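Inspection log for the structure reproduced underneath, given as structure tokens.
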Amino acid sequence: MSGEVLIGEGLGSTPVSDEVGVARHGYRALLERAALALGSGETGPGLELLRMAVDVAWRQPVGMMVDLELEYLVRQGGVQVASSSPLDWARDPGDRSRCEAEPRTVVHVTTPGAGPETRSRLGDWVATEISAGLVSRTISTRPQTSPLDDADRLARELGAVDVVIVHTEPWDVAPLVALAAVSPRPAVVLVDHRPDTLTLGVGLADLVVEPDDEGVRVAVSRRFVPEGRCLVLPPRSELADWLEQLHRKLVGIPAPLLPTANLLGPVPIEDRIRAESLRREGRIEGLLGAFLRFGGDLGAPWVPDLSIVILAEHREMTLDLMEELLWGWSGPGWPHLVVVDGSREAALSELAAEAGQSVCLIRPTGLVDPVEAVSLALPSCWGPWVLVLPDTVMVGPDWPDAVSEIVAAGEESPPVATVGFEAGSAGLLLRTDRLPEGDWVRHLHGEKYKKHPV
């Protein structure tokens, strides 16, 4: 007879069976090993562990329909695939615009071994697109090969198309890693054939296709996909009109700069437990204090409007700035903190672990300059605003007001603004959906850069 445990007592606790608890423990253990491998630059083993983790969650429910950390690790794997391969498959951003009259080339990605009904529906889908004048074809993943090799192969194929429609099984991570590697990314449609289990890729998808209205309800309430990005798969007799609607929607969706732009992140259970323990200790200020004031239940989406990127160069200054931001934030909402650190200081890891997923620690291999550091950080940022801070900045107690004033200007705010702080120090506030081309990060350290271990 199965028992029951409560996760997050006093936080709008959700009963979880012990079978789910055991599966979640195994899933999290694999995910942690994958994160360590990817963080050490071991892309191949990291992606293997990632596939194993998703396979566990697919075969045995872990009590989640989407996982923010999993989506982040897929993006991290994609960045590493792109950096380790020649970029001859990547197109110039000017080669593709979603504002064309209609997309030109469509590729459907499938996992081998799909059932006869899925194959039949896919055949109708491709035939209908070809009849409508599109160039449409199907390619399969290669689960018998390593996820790294398969992702590299797929990235080269998907980098030259306009629309990618993903029909793969949840454990098949390679196509989503490949899409995270491609820049600029094609429009992505995720067809959810398994609406009753954890789904990977909603953070990369422009549109999510569900089998029925119940699937849409789950996508909106449990996976935090905006309702306007969901479609219901129609009967075959209505496929032609439905596909016309789908492609019309894709043309109207601007290509997001950030891979996370399409997903509202769920608040991790572990962070609520950690924040609650801090509240009991009387530590209710800072980012985690803002998290507590944010309220809501365990299913509420976490929608930070602001990400803060710290360019870590000096150990003590980085630690002081992280502490000041974590426990000194008094603004509205709950910003997301991203630290780009090449020093691998244990103290930084401990502080990031204490703050949970309110802090993302990125550790590049080798020496990087500020431009490269910000480029590494942007894919992990959430929301339309990113505040970039050298670790030498002295923000002072009233710094949220300076940021809020620019953000409050809305559409009238500049895409790149310098924010002044104490003792003449400054940061850079970026409007990520309207960044100009060019070297806008030069404002941080002047015109010339020296390589340094950030």
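Listed residues 142, 194, 119; which is part of a helix (DSSP H, G or I) and surrounded by fewer than 17 Cβ atoms within 10 Å (Cβ to Cβ)?
The unique qualifying residue is 119.
Please identify the pairs in which a residue from region 397-415 that is under 20 Å from residue 322 (Cβ atoms) has its Cβ atom under 8 Å from the Cβ atom of a residue that is at pLDDT 75 or above and among the small types (Gly, Ala, Ser), counting only partners at least 6 apart or on another chain.
Within 8 Å, the pairs are 402/420.
Collect the residues in region 197-220 that are over 18 Å from the mean Cα position of the chain (by Cα) and assigned to a helix (DSSP H, G or I), keeping them in residue-number order.
Within region 197-220, the first condition is being over 18 Å from the mean Cα position of the chain (by Cα), and the residues that meet it are 197, 209-218.
Listed by number, the residues that qualify are 213, 214, 215, 216, 217, 218.
Within region 27-34, is there a residue that is under 18 Å from residue 178 (Cα atoms) and of a type outside the set (Asp, Glu)?
yes
Any idea which residue in region 64-88 is modelled with the lowest pLDDT, counting only those that are surrounded by fewer than 19 Cβ atoms within 10 Å (Cβ to Cβ) and of a type outside the set (Asp, Glu)?
Step by step, filter region 64-88, then rank; the result is 87.
Which of the residues belonging to region 206-234 are modelled with pLDDT of 90 or more and exposed (fewer than 14 other Cβ atoms within 10 Å of the Cβ)?
Those that are modelled with pLDDT of 90 or more and exposed (fewer than 14 other Cβ atoms within 10 Å of the Cβ): 212, 213, 214, 232.
Please work out if residue 305 is of a type outside the set (S, T, N, Q), at pLDDT 80 or above and not assigned by TED's automatic domain parsing to the domain that holds residue 64. Reasoning before the result, please.
On the way: of a type outside the set (S, T, N, Q): yes; at pLDDT 80 or above: no; not assigned by TED's automatic domain parsing to the domain that holds residue 64: yes.
Answer is no for this residue.
Can you tell me which residue in region 145-167 is surrounded by the most Cβ atoms within 10 Å (Cβ to Cβ), limited to those that are closer than 20 Å to residue 247 by Cα and of a type outside the set (A, V, I, L, M)?
Checked region 145-167; the qualifying residue surrounded by the most Cβ atoms within 10 Å (Cβ to Cβ) is 167.
Let me spell it out: the conditions are (1) at pLDDT below 80; (2) in a helix (DSSP H, G or I); (3) within 30 Å of residue 31 (Cα to Cα), and residue 373 meets all of them except one. Which number is the exception?
(1)
Residues 190, 231: which one is touching a strand residue (DSSP E or B) at 6+ places or on another chain (Cβ under 8 Å), without any contact (Cβ under 8 Å) to a residue 40 or more places away in the chain and within 17 Å of residue 169 (Cβ to Cβ)?
190
The values are calculated or read from the model by the stated rules, or taken from the named source; none is laboratory data. What you are looking at is a predicted structure, and each value in this text was computed from that prediction instead of being measured. Reconstructed Cβ throughout: ideal geometry from the backbone, glycine too, with neighbour counts over all protein chains shown.
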